[in-house]
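Notes follow the structure.
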Amino acid sequence: MTEVRPSQRMRDLGVVQHGADILAEPAGAFELPAEKTAAERVIEQLTVAMGRIAQAHDFSGKGMGLAAPQIGIARAAATVRPAEAGTEPIVLLNPRITASSEEMDEQYEGCLSFFDVRGMVPRPLRIAVEATALDGTTQVTVYERGLARLVHHEIDHLDGLLYTARMRPGVEPIPVGEYRQTGRAWAYER
């Protein structure tokens with residue numbers, strides 16, 4: 001029996017894969033509250049896709065995120081499931097990072113859009129994110145540590161960036177099998 005590669009498994013679940021133009025372009029912002037129905041529809045599609053992905057791959061205790069471009073929708077919406085069990089998913093509409101700490105850490109990250117590799121990525125330990133609510137108001141939320149990393153990763157998707165753009169020069173992603181042997185784990189997968 002042939003083993004299905006992790007990236008092929010994600011493709012089969014409807015996740016757009018590395019190399020697709022939609023992953024390299026900034027997502028279009030929602031005009032809220034005028035586009036409330038469209039935003040709700042995209043949030044629902046993200047929720048359904050995350051459920052499908054979570055059934056196929058165990059992210060318990062690790063957290064996961066999904067940006068609309070990863071399911072073929074070029075709009076500025078993303079959802080993040082925190083690592084803590086029972087925590088409500090975070091919905092991000094038109095998010096932008098307004099502040100970040102100078103204190104950084106560097107951890108391995110994975111991405112559903114190229115799940116065969118992991119890369120060591122430096123990110124700030126604390127970020128402030130301004131997002132738009134469905135009623136058009138804006139709110140700023142501060143995220144820390146692993147949750148900051150997850151949220152930052154998804155906002156990068158909405159800006160047309162993959163985590164490889166944040167890796168240090170000369171550092172390359174490693175195959176997932178090699179990553180599993182490092183003993184280091186990150187929020188996307190252990």
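Run the simple label-point estimate for residue 18 and residue 55 please: 7 Å along Cα→C-beta, distance reported in nm.
2.8 nm
Okay, helix-only estimate at 222 nm for the chain: each DSSP H run of n ≥ 4 adds -39500 (n - 2.57), divide by all residues, round to 500 deg cm²/dmol; what do you get? Could you put the intermediate results ahead of the total?
On the way: 4 runs with 47 residues, N = 190.
Result for the chain, helices only: -7500 deg cm²/dmol.
Could you sort 145, 126, 9 by accessible area so the largest value comes first, with the probe set to 1.4 Å? Write out the running numbers ahead of the final one.
Numbers: 145 150, 126 115, 9 80 Å².
These residues rank, largest area first, as 145, 126, 9.
Normalising by the residue count of region 61-177, find the relative contact order in percent from Cα pairs under 8 Å and 6+ residues apart.
Details: 230 pairs, mean separation 30.2, N = 117.
Here the relative contact order equals 26 percent.
Once phi is turned into ³J(HN,Hα) by the Karplus curve 6.51 cos²θ - 1.76 cosθ + 1.60 with θ = phi - 60°, what whole-Hz value does each residue of region 167-179 show in order, with x for glycine and proline?
3J(HN,Hα) across region 167-179, in whole Hz: 5, 5, x, x, 9, 10, x, 10, x, 4, x, 5, 4.
Quickly work out the residue 83-to-residue 165 label distance, labels modelled 7 Å from Cα along the C-beta direction, and quote it in nm with one decimal.
2.6 nm
Give the calculated FRET efficiency between residue 145 and residue 96 to the nearest 0.05, with a Förster radius of 22 Å applied to their Cβ-Cβ distance. If you can, show how the numbers build up before the last one.
Details: r = 20 Å, r/R0 = 0.92.
Efficiency computed from Cβ-Cβ geometry: 0.65.
Quick check for you: which residues of region 23-52 have the amide N under 17 Å from the point 7 Å beyond the Cα of residue 137 toward its beta carbon?
32-34, 36
In whole Hz, what ³J(HN,Hα) sequence does region 157-162 give by Karplus (6.51, -1.76, 1.60; θ = phi - 60°), x for Gly and Pro?
Coupling constants for region 157-162: 4, 5, 8, x, 10, 9 Hz.
Leaving ligands, DNA and RNA out of it, work out the accessible area of residue 97 with a 1.4 Å probe and give it in Å² to the nearest 10.
50 Å²
Using DSSP to define loop residues, name the GluC sites (Glu not before Pro) in region 4-49 whose beta-carbon has at most 15 other beta-carbon atoms within 10 Å.
Working: sites: 31, 35, 40, 44; in loops: 31, 35.
Qualifying residues, ordered by number: 31.
Can you give me the solvent accessible area of residue 57 with a 1.4 Å probe, rounded to the nearest 10 Å²?
Accessible area of residue 57: about 20 Å².
The values are calculated or read from the model by the stated rules, or taken from the named source; none is laboratory data. Since this is a predicted model, take the numbers as computed values, not measurements. Virtual Cβ from ideal backbone geometry, glycine too; neighbours counted across all protein chains shown. Each accessible area value is taken on the protein alone, full model and side chains, heavy atoms only, with ligands, DNA and RNA left out. Shrake-Rupley method; radii C 1.70, N 1.55, O 1.52, S 1.80 Å.
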